[in-house]
Amino acid sequence: MAEIEDKVAESADIVRRVIDQFNPTHIVSMVSGGKDSAASDQVARELGLKVDLVIHGNTRCGIPQTSEFVRDTYGAISELVEADAGTAYEDYVLRKGFFGKGIGAHAFAYRILKAQPFRKAISKAIRQGKRGVRILLLNGARQDESENRRKNLPLWRQDPGAPNNIWTSLIHGWSQDERDEYLKSRGTPINPVAEQLCRSGECMCGTMQTKAERAEASALYPEWGNWLNSLEAEARRRHGFGWGEAFPKERGQATGDLFQPMCKDCLARGEAAWPANPSHTRSPLPPAFCRPANNCAKRHSTWPCSSSPSPFFSPPPAGCADRSRYVPSNGNPQGTHSGRCAGCS
C-alpha cells in the first residue's frame, strides 16, 4: 500500500507543477469509461481538486453500455457533459464508407467523432466566447502503455490547436498493476464493459480494432453487434468495403499533428500492432508516418536519431542528407521543426 501512496504523491506533484505553470481557471476530468480515466478521476478527487466538469466522449459507434455507466456513475457526483458525435459516424459511413484501417484512418475518425464534438462541448459548457479561459484537462494516459509512450509521453501538453487546453497525464508514471491495485483499494466503480473487453469500448470505429475484438464485443453485446452488421451491409452495398478494412482509394498521408489525447488507447495499440517496416528498420510505426526525405542517404539505417527520437512526431526537413545529425531548431522533439542538421544542403 505504501507504493500506491507514493504514486498518489507523484500525481499530486504533477498537479502542483502544472497549476503553478498555467494557473488554470477550470479543471475538467476526462472520463472514457475505461480503467485509466477512472483512476485519474479518483486521484483528482482524492487530492481535493475542484473538478468543475466531467466530460465523456460519446462517439455513437461504441458499446452504448459504456456511456450509460458514465452517466449513472459520474453524473451522480459531478456535472457531466457528453461530447456527443450524434449521427456523425453513420452519416460518414453511409456517405463515404468506413474510415479504413490504421493510424492514418484513425486520424480522420478522431477529428469527426471526438475532436469536433469536444471543441463544441467545451465551448458551450465553459468558454462561452470568453477570453483567457485556461482549462486543465485530466486524463489517464500512462507511460508504460507502449515503448513510444515510455520515451515521449509528456507530463502535460498544450493542445496545438487550442493552447489554453492543457492535457495533463495525472497517472503518468503508474503501471497497470499499480492502477488496478489503486482502484481496488479505493472501491472505485468499474465499467463492466471495461472489465469484459479490457478496454472502455466507447469507440469501435474500426480503424484500430481487430475482427476478433468485434466478434467478442458482438457476442457480449448483441444489440450493438446487430446494429453494426446492418450498417456494414448497407455500406458494402454502397461502397464495396466494410468495417476494419482498408479504404480502397489512395489517401494522402499527411494527417497533421497526431495529438489525439482522447484516443490514447487506440494510439498505444496502434504503436504495438504495427511491426517495423523492412525498409524503415528503425521505425516502430506504419510507413505512412515514417517519412524520410526522398533523397536522404541514411533513410533506413539511422532514423530516428537520438535528437529526434520519434518519427511519429518529428519528420526531418526535406533535403536532409544525414538524419542522424539532425537537431530540431527549437530543441523539442515533439514539435514541427524547421531546423537543419550539419549534413543538410
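What the table below lists for this structure:
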| quantity | calculated |
| --- | --- |
| Condition met for residue 246 (of a type in the set (A, V, I, L, M) and modelled with pLDDT of 95 or more) | no |
| Selected residue (criterion: nearest to residue 63 (Cα to Cα)) from residues of the stretch 74-113 that are out of contact with any strand residue (DSSP E or B) (no Cβ under 7 Å at 6 or more places or on another chain) and β-branched (Val, Ile, Thr) | 87 |
| Residue within the stretch 180-196 that is assigned to a loop (DSSP other than H, G, I, E, B), modelled with pLDDT under 95 and of a type in the set (A, V, I, L, M, F, W, C) present | no |
| Given (1) out of contact with any Lys or Arg (no Cβ under 7 Å at 6 or more places or on another chain); (2) surrounded by 16 or more Cβ atoms within 10 Å (Cβ to Cβ); (3) over 30 Å from residue 17 (Cα atoms), index of the condition residue 118 fails | (3) |
| Criterion violated by residue 234 - all others in (1) at pLDDT 95 or above; (2) of a type in the set (D, E, K, R); (3) in a loop (DSSP other than H, G, I, E, B) satisfied | (3) |
| Hits in the stretch 30-59 (condition: of a type in the set (Lys, Arg) and either under 19 Å from residue 180 (Cα atoms) or within 17 Å of the chain's Cα centre (by Cα) (or both)) | 35, 45 |
| Within the stretch 115-160, tally of residues that are outside any strand (DSSP E or B), more than 15 Å from residue 83 (Cα to Cα) and among the charged types (D, E, K, R) | 10 |
| Within the stretch 4-114, strands (runs of 3 or more DSSP E) holding 3 or more residues that are touching a residue at least 40 places away in the same chain (Cβ under 8 Å) and within 27 Å of residue 218 (Cα to Cα) | 53-58 |
| Test: residue in the stretch 208-220 that is under 26 Å from residue 8 (Cβ atoms), surrounded by 14 or more Cβ atoms within 10 Å (Cβ to Cβ) and touching an Asp or Glu at 6+ places or on another chain (Cβ under 9 Å) | no |
| Search result, residues across the stretch 96-125 that are of a type in the set (Gly, Ala, Ser) and more than 28 Å from residue 211 (Cα to Cα) | 121, 123, 125 |
| Where residue 100 falls short, out of the listed (1) in contact with a Phe, Trp or Tyr (Cβ under 6 Å, 6 or more places away or on another chain); (2) at negative phi | (2) |
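Results for (1) crowded, with 19+ Cβ neighbours inside 10 Å; (2) over 27 Å from residue 191 (Cα atoms); (3) within 16 Å of the chain's Cα centre (by Cα); (4) not assigned by TED's automatic domain parsing to the domain that holds residue 25, shown as yes or no for each residue.
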{"site": "85", "(1), (2), (3), (4)": "yes, no, no, no"}
{"site": "95", "(1), (2), (3), (4)": "no, yes, no, no"}
{"site": "138", "(1), (2), (3), (4)": "yes, no, yes, no"}
{"site": "144", "(1), (2), (3), (4)": "no, no, yes, no"}
{"site": "164", "(1), (2), (3), (4)": "no, yes, no, no"}
{"site": "168", "(1), (2), (3), (4)": "yes, no, yes, no"}
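The values are calculated or read from the model by the stated rules, or taken from the named source; none is laboratory data. Worth saying up front: this structure is predicted, and the values here are computed from it rather than measured. Glycine gets a Cβ as well: all are built from the backbone with ideal geometry, and neighbour counts include every protein chain shown.
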